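Below is one structure, written out as structure tokens; the observations come after it.
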Amino acid sequence: MTQFVCRLARVTGRLGVAQRGQARAILDALNLVRISSQICDLAGLLEPTVLRSLDAIHLATALQVGDDLEALVTYDLRLGAAAQMVGIPLLSPGYSK
């Protein structure tokens, strides 16, 4: 979430007022998930092991959310590939595979 917020803040500086409002509305509609010990345990078991720690936590959180998750949003190619490997819907502008 932090990476997304930082990126959104950088991008919105280049957007018009209406687009910034739309971006804010999207951000406000997101649900935050508290990281539990179960999520951390699952993150440690995930393949591929090339995932960085925070990416593994993001992926484990997405798995924990389950069917309520519409899509995992990422620009990270490794995280995107790992999400697809476990069947998580991916939303990543510019990512295709």
field: Label-point separation, A18 to Q64 (7 Å along Cα→Cβ), nm
entry: 4.0
query: For region 35-92, what is the relative contact order in percent, using Cα pairs closer than 8 Å and at least 6 residues apart in sequence?
result: 31
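Each reported figure results from applying straightforward, stated rules to the coordinates on display, with no laboratory input. Just so you know, these numbers come straight off a predicted model, no measurement behind them. Ideal geometry is used to build each Cβ from the backbone, glycine not excepted, and the neighbour counts take in all protein chains shown.
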